[in-house]
Each structure stands twice: as C-alpha cells, then as structure tokens.
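First comes the structure, then the notes that go with it.
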Amino acid sequence: QVQLVDSGGGLVQAGGSLRLSCEASGRTRYAMGWVRQAPGKEREVVAAISWSGTYYADSVKGRFTVSRDNAKNTVYLQMNSLKPDDTAVYSCAARPPFLGLTITPSAYDSWGQGTQVTVSS
C-alpha cells in the first residue's frame with residue numbers, strides 16, 4: 001500500500017473553484033482516483049487517472065480536471081464551476097498501476113484521510 005495525504009478543501013461559493021492535492025509516498029505511478037461522499041449518499045468516483053488515461057463522472061465532466069505531477073508524486077483535482085451538489089468529503093485513493101483505473105470505490109486499496117469541500121449557494 002501507499003501512503004496518501006490529501007488537502008485543499010474548503011468553503012467556496014457556487015461558481016467558484018478549488019484545487020485538491022494528493023501526495024503519495026514512493027515513486028510508483030499508481031492508478032489514482034478522487035472519490036467523494038456526501039451525507040446520506042454512497043461513495044462516488046468522480047475522476048481517475050492512470051497510464052491508460054482519465055475518467056470523469058458525468059456529473060463533473062467539463063468542470064473538473066484530474067492531473068498528476070510525477071516529479072512531486074502528487075495528483076491534483078482542479079474543480080471549477082462548483083455547485084452546491086458538489087459538497088462532500090473528497091478523498092484520493094490508489095491502486096497498483098498494472099490494475100488501471102476504476103470507477104468502483106472498493107477497488108482502491110489505499111486512501112487519503114479526506115478533505116471537506118463545501119459549496120454554498
């Protein structure tokens with residue numbers, strides 16, 4: 001497993017932007033996902049990145065961008081045009097690179113501690 005530290009959440013007004021960061025220990029280029037969970041809702045993979053490409057949930061497509069800086073072992077989630085429905089705890093997650101990206105939260109085996117994103121209307 002890899003150690004993950006995510007950060008960057010906060011309170012923002014609707015239409016605003018935030019950038020989340022997830023720093024991973026080690027140099028292995030894991031397949032990474034950003035997973036959110038809102039109160040009373042199931043976990044949802046909103047974006048993922050691996051050697052094979054990227055994935056975005058329909059709910060965030062065109063607004064969120066996932067990227068990685070391999071020199072810094074860091075993955076980012078740039079969130080623009082935020083909506084109140086984006087309010088959730090966001091966590092980064094990792095799985096071995098040979099497995100590729102996945103949209104199934106339980107398929108990730110390493111997790112960051114989570115960061116709260118709150119979007120006010």
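The values are calculated or read from the model by the stated rules, or taken from the named source; none is laboratory data. Keep in mind that this is a model prediction, so the values were computed, not measured. FYI the Cβ positions are ideal-geometry reconstructions off the backbone, even for glycines, and counts take in every protein chain you see. In case anyone asks, the SASA skips ligands and DNA or RNA and just uses the protein heavy atoms, side chains included. Shrake-Rupley method; radii C 1.70, N 1.55, O 1.52, S 1.80 Å.
Surface composition of the chain: carbon plus sulfur atoms contribute 47% of the solvent-accessible area (1.4 Å probe, protein chains only, all chains present). Shown here for the stretch 14-82: chymotrypsin sites (Phe, Trp or Tyr not before Pro) in loop regions (DSSP other than H, G, I, E, B) with at most 13 other Cβ atoms within 10 Å, namely W51.
Springs between alpha-carbon atoms under 10 Å, Gaussian network over the chain: tell me which of P39, P96, P84 tops the mean-square fluctuations. Of P39, P96, P84, the Gaussian network model singles out P39 as fluctuating most. Mean separation of Cα pairs under 8 Å and 6 or more residues apart, divided by the residue count, gives the chain a relative contact order of 38 percent. Taking all protein chains as they are arranged and a probe of 1.4 Å, the heavy atoms of T54 leave approximately 80 Å² accessible to solvent. Rolling a 1.4 angstrom probe over the protein heavy atoms with all chains in place gives the chain an accessible area of 52 Å² per residue. Just checking the listed ones, G40, G26, G100: in the Gaussian network model of the chain with Cα springs under 10 Å, the one fluctuating most is G40.
A simple rule links phi to the HN-Hα coupling: the Karplus curve 6.51 cos²θ - 1.76 cosθ + 1.60 with θ = phi - 60°, which for the stretch 94-107 gives 9, 8, x, x, 5, 7, x, 7, 8, 9, 9, x, 5, 7 Hz, with x for Gly and Pro. The trypsin sites (Lys or Arg not before Pro) of the stretch 1-104 that meet both conditions, a loop assignment by DSSP and at most 13 other Cβ atoms within 10 Å of the site Cβ, are R27, K41, K61.
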